[in-house]
1. Picking from ILE15, ILE52, ILE9, which residue would you name as being loosely packed, with under 15 Cβ neighbours inside 10 Å, modelled with pLDDT under 95 and among the aliphatic types (A, V, I, L, M)?
2. Does LEU20 count as assigned to a helix (DSSP H, G or I), modelled with pLDDT of 55 or more and either hydrophobic (A, V, I, L, M, F, W, C) or within 21 Å of VAL251 (Cβ to Cβ) (or both)?
3. What single numbered condition from (1) in a helix (DSSP H, G or I); (2) modelled with pLDDT under 85; (3) touching a Lys or Arg at 6+ places or on another chain (Cβ under 9 Å) fails to hold for LEU116?
4. Answer with yes or no whether THR208 is modelled with pLDDT of 85 or more and more than 27 Å from GLY85 (Cα to Cα).
5. Kindly indicate the residue of the stretch 127-146 that is of a type in the set (A, V, I, L, M) and not in a helix (DSSP H, G or I) and also surrounded by the fewest Cβ atoms within 10 Å (Cβ to Cβ) among those meeting that condition.
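The values are calculated or read from the model by the stated rules, or taken from the named source; none is laboratory data. Values in this document were obtained by computation on a predicted structure and should not be read as measured data. A quick note on method: Cβ atoms are made from the backbone with ideal geometry, for glycine too, and the neighbour counts reach across all protein chains shown.
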Amino acid sequence: MKNKIGFYIRLFGTIISTILFIWVIKNQDWQLVLEKLTHIHWWAILLAILLIFGSYGFNVLRWCFLLWSKGAKVPYLKALTISLGGSFASNFLPSTIGGDGFRMIAIQPYTKSKNLSVGSVLLDRIVNMSAMTCLIPFPIFIFGETLLNLLRSVGDSLFSLSFFPGLKNLFNKYFPKAINAFQLWASKPKDFVLPFLAAWPSNLLPMTGTFLLATQLGMDVTFWQVIGVQTISYFLSVLPISINGYGLREVTYTTLFSSIGFNIEQASTLALITRFITILTTLPGALWLSSLVQGQADVEIDKSL
């Protein structure tokens, strides 16, 4: 019953966010949007795709550093296929971390320990969020009161969706696991250094891609402003109130970029094209995800025989 309630909350959150975004773009000059899209050179789109793929590479390296420090003999390329499979699954699952469950399952043959496989994924997320937390001063300085108003409106929506009881259940479920995971690595704090360093390019590369596309759209934006927008977008998308942050991320882009002087056409076009490129880069993961599911099914059949 609780799972069904959580699903409907996330579905409702996705629908509301998407409706808000559609309402915003409905009142745009679409002729101007199409004109701006034609100004984006093919090499810029290709470079943005490569930058996002590069960020996936560092995401995997961050995870591998945690696994290797505990003796897990997982090849980098295998971890890459697993991670891409999880990223593809996240397109259809709650928040932007829905594919983590697939990573936990797929890595178990290499860890030989459920605690290690679950712990590595949870710590991977914690390390990444720690790096992103270091960037919070940028949006606070750049957006000020606009940011407070956006967070206040999101907070009101969370209360109206009875989100916090669900968050409490989620916290009670995963916090003990996170503590256990941390304890596995706590004896050697230096094991966190390399994962933390890898988290920086994994986050800054897609921000660089967004900055490149923004300049192609004629936006006189600074890299620091892009960091500010994507930092807030990251933390809002992690909240399990929508599916892969659909709608929520786009509304955040249009709200924050518009607040610093860019028109809605530019902001929403940037939100749409970056979303499209992000989904495009996860498509190879569909191949590995299907093989993972099939492999897991075969394991379950063998166990039942």
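1. ILE15
2. Spelling it out, it is not the case that LEU20 is assigned to a helix (DSSP H, G or I), modelled with pLDDT of 55 or more and either hydrophobic (A, V, I, L, M, F, W, C) or within 21 Å of VAL251 (Cβ to Cβ) (or both).
3. Of everything listed in (1) in a helix (DSSP H, G or I); (2) modelled with pLDDT under 85; (3) touching a Lys or Arg at 6+ places or on another chain (Cβ under 9 Å), LEU116 misses just condition (2).
4. Judged against the criteria, THR208 is not a match.
5. Of everything passing the filter in the stretch 127-146, ILE136 is surrounded by the fewest Cβ atoms within 10 Å (Cβ to Cβ).
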